[in-house]
Amino acid sequence: MSHASPVASLIALFTSPDLIGVMLLAVPFGVLVGAIPGIGGKFGIAISIPFVFGMEPVAGAVFLVAMHAVVHTGGSLPGILLGIPGGGPDAAIVVDGYPMAQRGEAGRAIGASLTSSAAGGVIGGLLLALLVPVVWPIVLAFGPAETFLLALLGITFIAAVSGGDLLKALIVGSAGLMLSFVGAEPQDGVARFTFGQLFLWDGIDLMAAVPAVFAIPEMIEMGASMAKGAAPTATTSGLGFWQMREGFGDVVRHRWLTFRASCLGALIGLVPGLGGEVASWVCYGHAAQTSRQPERFGHGAVEGVIAPDAANNSKEGGALLPTLFFGVPGSSGMALLLAAFVTLGLQPGPQLALGNADLIWTLIWALVLANVIGSFMLAACGRWLGLIAFTAGNRLVPFVLVFVIAGCLLASVHVQSLIVMLVLGALGTAMKRLGWPRPPFAIGLVLGSITERSFHQAWAIWGGAFLLKPGAIILLVLIAASITFYAFRPVSLPSSR
Amino acid sequence: MPSDPSASPVRADAWLSAIFFAGFAAMTIVATTYPAIARAMPMLVGTLGMVLSAIQFVRTVSGRRDAAPREKTARASAHLLMFGWLIAAVALVALLGILVGGALFVVLFLRARLREAWSSAIPSGLVLSAALHLMLERGLGVRLFEGLIWQ
């Protein structure tokens with residue numbers, strides 16, 4: 001077992017110019033992708049993959065976590081200024097944030113949003129840190145049998161990101177699994193589905209596949225719509241530091257609401273499949289229920305901004321736990337983060353937790369620090385950064401497309417991999433247009449090879465008896481519970497397409 | 001930008017199910033030629049995929065009809081046009097490399113698709129090349145693809 005010290009990791013992060021520099025790049029990028037309506041965290045991770053490819057694994061992982069941590073900090077901006085949420089989880093902020101902006105309190109709303117986002121992110125990260133000692137003994141008990149069943153459990157979470165259509169999700173997840181089998185078979189080296197093509201021997205590269213399925217369809221949609229960005233309006237006035245100060249004060253006044261919403265958000269983040277929408281709306285409802293004047297909600301109550309914003313950022317801390325320690329992504333964003341980690345040579349799961357405890361702590365502190373940096377950065381440049389919300393998304397299209405192509409060619413020396421990217425891009429575009437969920441594809445592609453490899457290892461060591469190990473029995477019960485829950489749940493959970 | 005599944009054209013949805021079915025079927029058939037260990041998982045997943053996509057196909061075909069085909073055809077054309085732009089980007093980068101081909105694509109797209117002025121489009125292309133060169137080649141020491149023409 002690795003005895004990494006959380007304090008040592010924190011000091012190492014603070015004293016590393018490289019890691020701090022990476023975070024200073026990642027945070028504005030995360031704010032940017034969050035603030036432009038229609039773009040979001042999943043897209044941000046997909047197009048970050050080429051960028052982090054050449055980095056050291058730790059620096060790359062810090063970039064991804066820091067970028068993902070602040071997406072919702074930026075996502076509040078268009079919600080408050082335009083009434084258009086940056087992404088699904090930011091929708092709850094619109095309900096009270098936009099009326100505040102309309103009555104000339106945009107600065108106050110953004111100040112409250114930034115402060116509660118920072119507080120939520122910090123509390124979520126600290127809760128994650130507190131849970132590490134609880135999770136550690138479980139991680140230590142993991143061998144190939146448990147890894148296989150854990151991967152299977154992860155595959156059942158395809159249902160969690162099904163966007164309400166389980167059958168389509170299972171088909172897309174199976175397609176991801178099937179493509180994970182392309183290349184040399186791990187046990188005896190047989191080349192599968194390579195059709196004599198050398199470039200397929202290493203399998204379908206995640207750097208080509210993930211941006212193709214997630215970033216290209218967004219760009220095709222954006223380029224096809226030809227929509228111009230919204231014109232800056234009067235709501236951008238009053239965005240200076242002093243106007244935001246009132247919002248900071250609101251969060252201090254409602255500090256217990258901020259704390260409760262943050263804890264609730266982190267706990268919801270821990271549960272696979274509940275997702276950001278649930279966290280923000282549950283906390284919005286909690287704020288309204290516990291308010292002495294619930295009738296103000298929907299008409300510009302600042303608590304209606306504070307609670308969902310705190311929850312949005314804190315849930316990322318909770319969601320990181322199953323992703324990092326067990327390699328089980330509980331949300332569509334985490335599925336992509338998992339895929340991005342794999343491109344860095346890091347395989348989240350028990351092996352990573354045991355062998356790279358320093359990295360785990362570094363990522364937890366990066367999550368905390370990114371939230372603080374993001375909010376300070378926006379508070380300092382709020383007036384100008386507020387204009388991000390008015391950016392015409394389709395102007396980004398050619399830049400992103402070139403970046404995706406560059407990433408594909410960075411991962412593979414073979415130009416033919418561009419054909420794979422085009423085919424998967426077409427498939428992803430069709431899926432997006434027809435409302436098929438795409439995150440299951442990433443889960444299948446990432447977990448397929450782990451499932452197969454660990455199954456063969458477990459079978460070679462214990463034969464069929466591996467299913468009778470105590471850890472395996474617990475995981476089998478969890479798998480059965482997961483399938484039962486998703487098969488018989490009465491209502492669809494929010495979409496994660 | 002979430003899609004509206006309720007607006008999915010039935011025929012296109014069925015086509016997608018059929019494409020998935022064909023893909024699973026082809027890979028399952030190919031997998032039968034591999035040794036036992038290598039074929040176990042692909043055959044299991046492939047068979048499952050075939051069954052699921054067949055069910056989805058039947059479910060879609062027996063479902064409701066498309067409500068507003070003309071509007072959707074227009075949207076599909078816009079998507080096809082954009083996919084043409086993507087193919088153009090891939091071709092330019094493959095031939096001229098990331099720095100030259102990428103910059104040229106940005107200039108052409110901004111000028112032809114978004115009707116931006118040359119004075120805005122050309123600097124945008126140059127900025128992209130400079131950013132990629134500085135970030136990836138200088139910053140991270142990554143060698144960028146130089147294009148088939150120059151190789």
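A few points about this structure:
- Long pairs among A:Lys315/A:Lys469; A:Lys168/A:Lys432; A:Lys168/A:Lys469; A:Lys42/A:Lys315, criterion Cα-Cα beyond 22 Å: A:Lys315/A:Lys469; A:Lys168/A:Lys469
- Förster radius 45 Å - calculated FRET efficiency between A:Ala380 and A:Gln187 (Cβ-Cβ, nearest 0.05): 0.25
- 3J(HN,Hα) along the range A:169-175, derived from phi through the Karplus expression 6.51 cos²θ - 1.76 cosθ + 1.60 where θ = phi - 60°, amounts to 4, 5, 5, 5, x, 5, 5 Hz, with x in place of Gly and Pro.
- Rounded if a/c under 1.5, otherwise prolate or oblate - the protein assembly as shown, Cα gyration tensor axes: rounded
- Carbon and sulfur %, accessible surface of chain A computed with the full protein complex present, 1.4 Å: 69
- Interface residues in the range B:118-142 - accessible area drops by 20 Å² or more relative to the isolated chain, probe 1.4 Å: B:Ser124, B:Leu128, B:Leu132, B:Met135, B:Leu136, B:Leu140, B:Val142
- Scalar couplings 3J(HN,Hα) for the range A:210-224, obtained by applying the Karplus form with A = 6.51, B = -1.76, C = 1.60 to θ = phi - 60°, are 5, x, 5, 7, 10, 8, 4, x, 5, 5, 4, 4, 5, x, 6 Hz; x denotes Gly and Pro.
- Helical runs (DSSP H, four residues minimum) scored at -39500 (n - 2.57) apiece and divided by the length of chain A put the mean residue ellipticity at 222 nm at -23500 deg cm²/dmol.
- Cβ crowding within 10 Å averaged over residues, with A:122-129, A:181-188, B:105-112, A:433-440 ranked highest first: A:433-440, A:122-129, B:105-112, A:181-188
- Nearest-0.05 FRET efficiency for A:Phe195 and A:Ile11, computed from C-beta distance (R0 60 Å): 0.70
- Once backbone amide H atoms are built at 1.01 Å from N, A:Ala191 has A:Glu185 as its partners under 5 Å, excluding neighbours fewer than 5 places away on the same chain.
- Mean Cβ neighbour count within 10 Å, used as a protection proxy, ranking A:26-33, B:144-151 highest first: A:26-33, B:144-151
- Computed from protein heavy atoms with a 1.4 Å probe, the total accessible area buried between B and A is close to 5800 Å².
- Surface accessible to a 1.4 Å probe, per residue, for the residues of the protein assembly as shown, Å²: 38
- Working from Cα pairs under 8 Å separated by at least six residues, relative contact order for chain B is 20 percent.
- Paramagnetic reach from A:Ala481 (point 7 Å along Cα→Cβ, amide N under 20 Å) across the range A:324-347: A:324-331
- Cα gyration tensor, chain B - rounded (a/c under 1.5), prolate or oblate: oblate
- Inter-centroid distance (Cα atoms) of the range B:120-151 relative to the range B:26-51, Å: 42
- Once you reduce the range A:96-171 and the range A:14-35 to the center of their Cα atoms, the two points are 20 Å from each other.
- Inter-probe distance in nm under a simple model that places probes 7 Å from Cα toward Cβ, at A:Gln293 and A:Leu130: 3.2
The values are calculated or read from the model by the stated rules, or taken from the named source; none is laboratory data. The shown structure was predicted, so the numbers you read here are calculated from the model rather than taken from an experiment. Cβ: placed from backbone, ideal geometry, glycine included. Neighbour counts: every protein chain shown. Heads up: the accessible areas ignore ligands, DNA and RNA and are worked out on the full protein's heavy atoms, side chains in. Shrake-Rupley method; radii C 1.70, N 1.55, O 1.52, S 1.80 Å.
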